[in-house]
Amino acid sequence: MQIHMQEVAALATASGVSSMAWLLIALPLAGATILLVGGRRTNAWGHYFAVLMALATFVVAVILLTDMLGKAPEQRGVVISLWDWIAVGSFHVPVALQLDQLSLSFVLLITSVGSLIHIYSLGYMEHDENRRKFFAYLNFFFAAMLTLVLANNYLLLYVGWEGVGLASYLLIGFWQHKPSAATAAKKAFIANRVGDVGLSLAIMMMFTLVGTVTFAGVSAAAPKVSDHWLTLIGLALLLAACGKSAQFPLQSWLLDAMEGPTPVSALIHAATMVTAGVYLIARSHAIFDLAPNAQHAVIFIGGITLLMGAIIGTAKDDIKKALAGSTMSQIGYMILGTGLGPVGYVFALFHLITHGFFKAGMFLGAGSVMHGMHDSVDMRRYGALRKSMIITYITFGLGYLAILGIPPFAGFWSKDEIIKAAFDKSIFVGLITLIGAGVTAFYMTRMMAMTFFGKARWEDDVHPHESPLTMTVPMMILAVGSAFGGMALLFLGNIETWLEPVVGFQEATNAPSAAILMPSTILIVLIGAYIGFRKYALQEVPVPAPVNVSWATVAARKDLYGDAINEAVLMRPGQWLTRTLVFFDSRFVDGVVNGSAGLIGVIASVMRRLQNGFARSYALTMLIGAGLLVAVALLVRMS
Amino acid sequence: MSMNSYVMLSAVLFSIGAVGVLTRRNAIVAFMSVEMMLNAANLAFVAFAKANGDLTGQVVAFFVMVVAAAEVVVGLAIIMAIFRSRHSASIDDVSLLKY
Amino acid sequence: MPWLTLLIVLPLVGAVVAWIAGDRLARQVGLIAALATFGVALAMGIAYQASSTSFLQFTETHQWIPAFGASYSVGVDGIALVLILMSTILVPITLLAGWHEMEGGQATIKGYIVLTLVLESMMVGVFAATDVFLFYVFFEAILIPMYFLIGRYGGPKRQYASIKFLVYSLLGGLLMLASLIGLWVQAKQQLGHGTFDWATLSTLKFDGSTEKWLFAGFFVAFAVKAPLVPVHTWLPDAAAEATPGSATLMVGVLDKIGTFGMLRYLLVLFPAASLWATPAIIVLSLISIIYGALLAIGQSDIKRLIAYTSISHFGFITLGIFAFTSQGQSGATLYMVNHGFSTAALFLVAGFLISRRGSRFIEDFGGVNKVAPLMAGTFLLAGLSSLALPGMSSFVSEFLVLQGTFTRYPSEAVIATTGIILAALYILLMYQRTMTGMPSDEVTSTVTELNKRELVAIAPVIAVIIALGFVPQTLLNIINPTVNKTMQVVAVADPKPAVEGTNS
């Protein structure tokens, strides 16, 4: 109880404008509830209502931002206590929101990109019979994601954490009649659940060790906890992040998640939800800063996933899966950035925000292309679309320049800083990020070239056309973000000083100077881009995918055998185990029970033969019995 | 007479009754044998009551008589009913009540 | 006001009236009686004072069999109160949901209603009894209505299932009777007069092995009832053959008698033996959690699957009870309530599905979401509640149980968390196989959307599940004081946070 009082004292209680932060969750939740409970009655206007709720949430976020900007940096973090959620013994968890620079940054990203995607979906989902449900789920996702980033304690974060998992499950499996979609949805949920176990274990350790689960309380007590436990907590949090952010070894669900409608891929599986792992690690920086071993694990996982995602991206012909590989890879960058400690947090989060813009923009572009190409996702059947889909081409192109890290586009500012911070840690980590940048340039150029350049390889009845304004306007806005967002955040927003009070910041001092690093990064990117352009824009792209390819390409096409390993290590033995246990339960455990019942039955059927109906034989039995009794009585008396 | 004679007589009567029940097929005879066993027991009760100077044994003997009377009524009625339907008083013929 | 006697008598009166009213009106009478009972229970819940210092409230005592010190004495603590509330909510809901369940067989409609109401009366009795002998009588007598509900109104293998249910429970009850007599003898020796009064018995002091033997008799009875692996096999059979309504009451309420008995009788009457047996019981709980979940994954019959998930959930409940922390025990109690509702939701929606399609097998479904989206949605919500999704009430209880276990037994808690993953597997696999994909012709022609009556029956359950997920404190405020008193009796306290002393 005392600890609880302290941690409330650590952050000011919200007053004035900031106390309306609960609206951020309440508005979209109301939208989702009204659409789902209202049922068919809301079919006519439900989607507009959902968009309205999303926009209203964005407006609230902007109001909160202006309010926060008016305060001194150290007074910006506030707590909005709503009600007591769980209180048993010393386990006390409030429903309370924490509004600070970190959470507000996420809120702004989610509500802005999210609102744009809501609008985009008006066009994209226009003819879907379950449009109302789609928008209800999107609103529900908003509520859950905002709960995740606004919670002031780990348990409430967990509510948002699994809430977004549910939204993701519902939206990946939105076209449930497709078995592939239903399977992908289930896979995503279960992979996430494995991660969630990590989160719940981390929470349990926190309460056991320090008696509280609020961010402020845990951070304050972290220096007093032993290294051993801090490392364990850090690893458990990393497991959680791996599940949600599709990091190795829980990465395989993200590629399948592309079964969902494209706006979902843009919002949930690129811009917001999958980056929650980065948020979690940044939020728990007090733990990671004190647990270098956990940080090394974070860097290791981020580095592996960064390369894995990039390699997968090079071999995919499905435009969405190629983008998904890219997302994995980019989140690998962010996770790696958070593993670097105070030199990396700010830039990981910076990259997260810029990535949210350019990747969402590219996914929407991909959706626009699919919209014009009869929902085909095969890039080998695209080509030369720059003429027929000019807006999509330009917006996608801006996103492309941003992700490559070409100055002055958004990705340049954020990715470059992560590379620099990585070199600050060690040459080896730095080289990984550098190689990743080169491979990224290659596969993105490949995607760009196969889609918009070269010769048209369209199927016969396909007539590409530009998408309606509801779709292109959000793409344009995101493209503007991809182009200028980085500069704006860095120079106008001063992202380092903005986030520093929450996650801490430290200049990278060991890294090679920018004068060496920046040109070499750009050189590597240009080399990667050139290889991609030469192979896929200047040469003919064969329509059927080539069969005689190197083992590396085969491996990349098969997601580096992620599914095969899961199947061999988990699925098959698991199925065998359940089948064996079902057999064991019915034959052995139940067999003992039924067997003893059967034995009694057999004995009874023999014994009942004694009831032969002859009164005189009964009389004889009685006489013998009586005689025996007398004999026993006599024997007992004699002895 | 000594106790021994009463007990001996009781035992002899009981044995005759028991053998009668076991060996005779006729329901009436078997019934009479049962009565003989009951009375053998009565004799023992009364003899011991006298020997111990306690009335309990005599009371029990009266109980046995009352129960025996009731039993005779019911038993004979059953035998009559069976005889009417089957024209036989053999108890081996009525062995239908079995497994 | 004799609240508890009223709660015991009211359903019985309803049963008599329903019997007189005959087949045509029995259901309406039954529903009204069940609703009235719930109303009284709710009023009692409001009158209950959580902050009171006395262990039991609303106590009544009347002489019954003075020759061996048995009396009719009832009363509730926080744990019994929430369980009575849950039971009385579930009865009208199962009656409404299973409006047509009892039709068409050889047995009568009124018989079903009468049996259900008698069952309800005994459910209240078993939770309210504070005389151990009275508890035993209710504990055994409750088998009779359930036996007939399964054996007369159940599925094709109902004879087998009902006998199995009865024999298993009677065997457990017999051992409990032996312990009960032993307890009475102990009381006679120590106090000079035999008694069955729970509060008096809790003051007895036993020497060494006596307590363990007495404990064992009660424990086996409760373990069969709960049920724990390996004495669980009656449950899938009974639940699969019973009508969905009866299955709900059996798994949702009757099985709770086992876990309730552990909290109320095992821990309070035999504290030392409880602590002595804890390691073994925790192992049994862990086995139940994982074994039940794995078997659920392997089932092909929807109702058996739900029954096996319950075995897994009961593992969590016993784990929480025997973790001996306030979080564990409050969580376990809340778990009992939440499990009642989530199982009810699962069984009832499964019942709607099965009665339409005429098959219990998962493979006969598929694509239901396409033809009956509302039904699929309710099924998903029920399933999510079963897998303890945060935001649902079951999450709060499951997390409390795990947290409570972790503070004392960290590695055991880690093993238990695998149950979380397996839960996602068994629920989502079932959902995927029954609800997604393209519907077959049989599904399209037979499965129709939920009707008004079904919706009215299932909506309150879902509403309670979600509401309790956000404000579980309403129940926890009632439960916590009782758990604290129980912990005092056993003389254990929560482990303290280790932050000092682990400083490196």
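Laboratory data are not the source of any read-out in this text; all were calculated from the coordinates shown. Note that the structure is a prediction, hence the values are computed from the model and not measured. Here the Cβ is made from the backbone with ideal geometry for all residues, glycine too, and neighbour counts use every protein chain on show.
Tabulated data for the structure shown
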quantity: Helix-only mean residue ellipticity at 222 nm for chain B, each DSSP H run of n ≥ 4 adding -39500 (n - 2.57), per residue, nearest 500; calculated: -28000 deg cm²/dmol
quantity: Span from the the stretch A:293-365 Cα centroid across to the the stretch C:374-431 one, whole angstrom; calculated: 30
quantity: Cβ charges +1 (Lys, Arg) and -1 (Asp, Glu), total dipole of the protein assembly as shown, debye; calculated: 2120
quantity: Value at 222 nm in deg cm²/dmol, rounded to 500, when DSSP H runs of n ≥ 4 in chain C each add -39,500 (n - 2.57); calculated: -24000 deg cm²/dmol
quantity: Relative contact order for the stretch C:270-494, counting Cα pairs under 8 Å that sit 6 or more residues apart, in percent; calculated: 29
quantity: Residues A:Asn130 and A:Asn293, FRET efficiency given R0 of 60 Å [Cβ-Cβ distance, rounded to 0.05]; calculated: 0.80
quantity: Theoretical ellipticity at 222 nm over chain A - DSSP helices of four or more residues, -39500 (n - 2.57) apiece, nearest 500; calculated: -23000 deg cm²/dmol
quantity: Charge-dipole axis of the stretch A:1-290 as Lys and Arg at +1 and Asp and Glu at -1 on Cβ define it, positive-most pick from A:Val274, A:Leu69, A:Ala54; calculated: A:Ala54
quantity: Pair B:Lys98, C:Asp441: separation of 7 Å Cα→Cβ label points (nm); calculated: 5.9
quantity: GluC sites (Glu not before Pro) restricted to DSSP loop in the stretch C:75-183 with at most 16 other C-beta within 10 Å; calculated: C:Glu103
quantity: Cut-off of 10 Å, at most 14 other beta carbons, DSSP loop: longest stretch of chain A lacking such GluC sites (Glu not before Pro); calculated: A:130-458
quantity: Set of aspartates and glutamates near A:Lys224 by C-alpha distance (under 20 Å), chain-local residues within fewer than 8 positions excluded; calculated: A:Glu7, A:Asp289, C:Glu500
quantity: Residues whose placed amide H lies under 5 Å from that of A:Ala151, excluding near-sequence neighbours; calculated: A:Gln98
quantity: Whole-Hz couplings from phi, Karplus 6.51/-1.76/1.60, listed for the stretch C:60-75; x for Gly and Pro; calculated: 9, 9, 10, 5, 10, 10, x, 4, 10, x, 8, 9, 8, 10, 10, x
quantity: Given charges at beta-carbon only (K, R positive; D, E negative), |dipole| of chain A in Debye; calculated: 1760
quantity: Shape of the stretch A:565-638, Cα gyration tensor, a/c cut at 1.5; calculated: oblate
quantity: All aspartates and glutamates inside 15 Å of C:Lys225 as judged from Cα atoms, apart from same-chain residues fewer than 8 positions distant; calculated: C:Glu140, C:Asp237, C:Asp255
quantity: Antiparallel content of DSSP bridges confined to chain C, in %, to 5; calculated: 90
quantity: Semi-axes of the equivalent ellipsoid for the stretch C:60-139, Cα gyration tensor, largest first, Å; calculated: 31, 16, 7
quantity: 13 Å beta-carbon shell around A:Asn612, net charge (K/R +1, D/E -1); calculated: +3
quantity: Residue-wise HN-Hα coupling along the stretch C:486-498, computed from phi with Karplus coefficients 6.51, -1.76, 1.60 (Hz; x: Gly, Pro); calculated: 4, 5, 5, 4, 6, 6, 10, 10, 4, x, 7, x, 8
quantity: Cross-link pairs C:Lys370/C:Lys452; B:Lys98/C:Lys164; A:Lys320/A:Lys415; A:Lys178/A:Lys455; C:Lys212/C:Lys485 - those with Cα-Cα distance over 24 Å; calculated: B:Lys98/C:Lys164; A:Lys178/A:Lys455
quantity: Helix C:452-470 axis, angle to chain C major axis (alpha carbon atoms, nearest 10°); calculated: 40
quantity: Amide H contacts of A:Leu82 (H built 1.01 Å from N, under 5 Å, at least 5 apart or other chain); calculated: A:Val95, A:Ala96, A:Leu97
quantity: Chain A - convex hull of alpha carbons, volume per residue in Å³; calculated: 259
quantity: FRET efficiency, 1/(1 + (r/R0)^6) with R0 45 Å, evaluated for C:Asp23 and A:Ala44 via beta carbons; calculated: 0.50
quantity: Options C:Gln186, C:Val137, C:Ala161, ranked by Cα towards positive dipole end of the stretch C:79-196, top entry (Cβ charges); calculated: C:Ala161
quantity: Charge tally in the Cβ shell below 12 Å around C:Ala323, where Lys, Arg are +1 and Asp, Glu are -1, C:Ala323 excluded; calculated: -1
quantity: Using alpha-carbon coordinates, inclination of helix B:3-23 to the longest axis of chain B, degrees; calculated: 10
quantity: Neighbourhood charge, 14 Å Cβ-Cβ cut-off, centred on C:Ala21 and excluding it, Lys, Arg +1 and Asp, Glu -1; calculated: +2
quantity: DSSP-assigned coil residues among trypsin sites (Lys or Arg not before Pro) in the stretch A:553-639, each with at most 13 further Cβ atoms within 10 Å; calculated: A:Lys558
quantity: Helix B:56-86 axis, angle to chain B major axis (alpha carbon atoms, nearest 10°); calculated: 10
quantity: HN-Hα J in Hz across the stretch A:214-223 - Karplus 6.51, -1.76, 1.60, θ = phi - 60°, x for Gly and Pro; calculated: 7, 4, 5, x, 5, 4, 5, 8, 3, x
quantity: Beta bridge orientation in the stretch A:1-156: antiparallel %, DSSP, nearest 5; calculated: 85
